[in-house]
Amino acid sequence: MTKHALITGVTGQDGAYLSQLLLNKGYEVYGLIARRGTDTQGRLRELGIADQVRLIDGDLIDLSSMIRALEKSKATEVYNLGAQSFVGTSWDQPLLTAEVTGTSVVKMLEAIRIANPEARFYQASTSEMFGQIQESIQSERTPFHPRSPYGVAKLYGHWITVNYRESFGLHASSGILFNHESPLRGTEFVTRKITLALARILHGQQTILELGNLDSKRDWGFAGDYVRAMWMMVQNDQPEDYVVATGQTWTVRTFVEMAATHAGFKLEWEGENENTQGIDRNTGKVIVKVNPAFYRPAEVDILIGDPSKANQKLGWKPEVDFERLVSMMMEADLRRVIS
């Protein structure tokens, strides 16, 4: 029998890669979509699957539309990836973030409990819930201390998923995903901001790369690997919560250096008060400027995950290493800029 899956956030980075994975496994894939933008299917088109994903109009903040989406899709698996997912925006729009990223989760769980309590549910949790870290390496047992409205909203979504699993017996799991990137990453995220800016500078379309905290450390993996972990959680007989990470950490500065090397640049670092000229055509150096405006009100300095549980219980391991991830993203943006 063909499995049916419903994905919220289907047009985002993770939604696109998850759709591709499920389609390759023979699923019928449905995506819940709020039609607010003009181009909602760019990532699905880039993966060549836009015509295979069946879109259903609906909104994360509207319980009735989620119930209808469940009924229409006949979903046996529900992947809740939709959110206001940019940490920086959450300080400017904390109430919207609380509703779209946080309380929308209980609405989806209620929709499942009403329409199809046998459906299996995946909640996209995040390493941002750890925030001000309580342990040097974060696992499923590490206490949470979020440092942004986004992290706080995600923490509500995480705990309400646990609560519905324990209260109503739903097959509901959360993946505590550390930073995962890809060529499909949004340009508002620092990794993609870096690769796109370097590609534009190389072709004279941009004059400067400005960044915030260069010493911030993250555990970066490939989104295509991480959606595979999502699927594996849902297939497991016992619903549980899992950290999904590489167990390695890298600074923003290292990401810039590796991307620049791949693009053929030399870097020159400038302080925040110095004038910059972008690329020096005589030396081939790109000047990177630190701009305090890009610092967060409350910084999360380092995140590094312990994926042991996912390794042991699910058999999951990442396949794309950090260097390959950076090169994939840099190559994709170099192609985009010249096309």
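Results for (1) in contact with a Cys (Cβ under 6 Å, 6 or more places away or on another chain); (2) farther than 30 Å from ALA310 by Cβ; (3) polar (S, T, N, Q), shown as yes or no for each residue.
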site: ARG45; (1), (2), (3): no, yes, no
site: SER65; (1), (2), (3): no, yes, yes
site: LEU70; (1), (2), (3): no, no, no
site: SER73; (1), (2), (3): no, no, yes
site: VAL100; (1), (2), (3): no, no, no
site: ALA119; (1), (2), (3): no, no, no
site: GLN132; (1), (2), (3): no, no, yes
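Within the group THR207, THR195, which residue is among the β-branched types (Val, Ile, Thr), outside the structural domain of ALA111 (by the TED database), surrounded by 20 or more Cβ atoms within 10 Å (Cβ to Cβ) and outside any strand (DSSP E or B)? Just a single option satisfies the conditions, and that option is THR195.
Inside segment 310-334, can you point out the residues that are buried (at least 17 other Cβ atoms within 10 Å of the Cβ) and of a type in the set (D, E, K, R)? Correct list: ASP333 only. Listed by position, the helices (runs of 4 or more DSSP H) enclosed by segment 84-137 that each have at least 1 residues that are among the acidic types (Asp, Glu) are 87-92, 104-115. Considering the conditions (1) in contact with a strand residue (DSSP E or B) (Cβ under 6 Å, 6 or more places away or on another chain); (2) charged (D, E, K, R); (3) without any contact (Cβ under 8 Å) to a residue 60 or more places away in the chain, LYS154 is excluded by exactly one of them, (3).
Among the residues of segment 307-316, just one is more than 16 Å from GLN235 (Cβ to Cβ) and part of a loop (DSSP other than H, G, I, E, B), namely PRO307.
Among the conditions (1) buried (at least 20 other Cβ atoms within 10 Å of the Cβ); (2) without any contact (Cβ under 8 Å) to a residue 24 or more places away in the chain; (3) among the acidic types (Asp, Glu), GLU181 misses just one, which is (2). Here is the figure for segment 157-175: residues that are crowded, with 24+ Cβ neighbours inside 10 Å, of a type in the set (S, T, N, Q) and either free of Cβ contacts under 8 Å to residues at least 40 places away in the same chain or assigned to a helix (DSSP H, G or I) (or both) total 1. When GLN238 is tested against (1) in contact with a strand residue (DSSP E or B) (Cβ under 7 Å, 6 or more places away or on another chain); (2) at pLDDT 90 or above; (3) part of a loop (DSSP other than H, G, I, E, B), exactly one condition is not met: (1). Screening segment 252-265 for residues that are in contact with a Ser or Thr (Cβ under 7 Å, 6 or more places away or on another chain) and of a type outside the set (A, V, I, L, M) and picking the one that is modelled with the lowest pLDDT gives HIS262.
The values are calculated or read from the model by the stated rules, or taken from the named source; none is laboratory data. It should be emphasised that the depicted structure is a prediction, and the values quoted were computed from it without experimental measurement. Note that we place each Cβ from the backbone using ideal geometry, even for glycine, and neighbour counts take in every protein chain shown.
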